[in-house]
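Data block below; observations after.
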Amino acid sequence: MKRILLGVLTVLVISVLAACGNDKKEDEHHHSEHKSSDKPQALEVALDVPKEAKSGEEVELSAKVTLGDEKVKDADEVMFEIVKDGDKKSSEMKKVKENKDGVYTLKYKFKEAGQYNVTSHVTARDQHTMPNKDINIK
Ligand SMILES: [Cu+2]
C-alpha cells in the first residue's frame, strides 16, 4: 500500500514539476512576443511654426511625423487648420500630401495681420495626433 502511494506521489510530483517547466517556457515565449510586436508606440508629431511673420510673406508650416524611431512617410492624412483670432468658424483647412522623410510641409501666406493658431491634424497607423501652435502676423 505504501509503495503504491509513494508511486502515485512520485508521479504527481513529476507531473507538477513538468507542468511548471512548461509554464516557464510559455511565459518566456509570450514575453519575447510582447517585446517585438505588442510594444505600444505612440504617433508623434513635431509641429514647426514660426512665432511671427509678416502678412503676405510665404511661411513654411511643417509637421514631422514619427513612430518610435521610424519616419512616417505614409500618413493617411495630414491637414493644417488655420484659425484667425480664435474664430474657429472661419478656419481654413489645407491638406498636405507630399512629404520628405516624414516631414509634411505647407507653404502658406497669411493675408492679414492678426493672431493665428495652426493645428496639424495627422492621421497615421490608426492614430490621430493634433498639436497646435500660435503665430503672430504683423
Ligand atoms: Cu485632429
Can you say whether K100 is within 30 Å of P40 (Cα to Cα) and not aromatic (F, W, Y), as far as the supplied structure shows?
yes
Can you pull out every residue in segment 35-69 that is in a helix (DSSP H, G or I) and either surrounded by 10 or more Cβ atoms within 10 Å (Cβ to Cβ) or modelled with pLDDT of 60 or more (or both)?
none
I'd like to check something: does segment 75-89 contain any residue that is aliphatic (A, V, I, L, M), away from the ligand (no atom under 15 Å from the Cβ) and either within 17 Å of the chain's Cα centre (by Cα) or at pLDDT below 95 (or both)?
no
Quick check on V103: is it more than 16 Å from the ligand (Cβ to nearest atom), touching a residue at least 40 places away in the same chain (Cβ under 8 Å) and under 12 Å from D48 (Cα atoms)?
yes
When residues of segment 128-138 are filtered for being surrounded by fewer than 16 Cβ atoms within 10 Å (Cβ to Cβ) and away from the ligand (no atom under 11 Å from the Cβ), how many remain?
4
Selection from segment 106-126 of residues that are within 16 Å of the ligand (Cβ to nearest atom) and within 14 Å of M79 (Cα to Cα):
L106, N117, V118, T119, S120, H121, V122, T123, A124
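The values are calculated or read from the model by the stated rules, or taken from the named source; none is laboratory data. Just so we're clear, the structure is a prediction, and the values are computed from it rather than from any experiment. Heads up, the Cβs are rebuilt from the backbone with ideal geometry, glycines too, and the neighbour counts pull from every protein chain shown.
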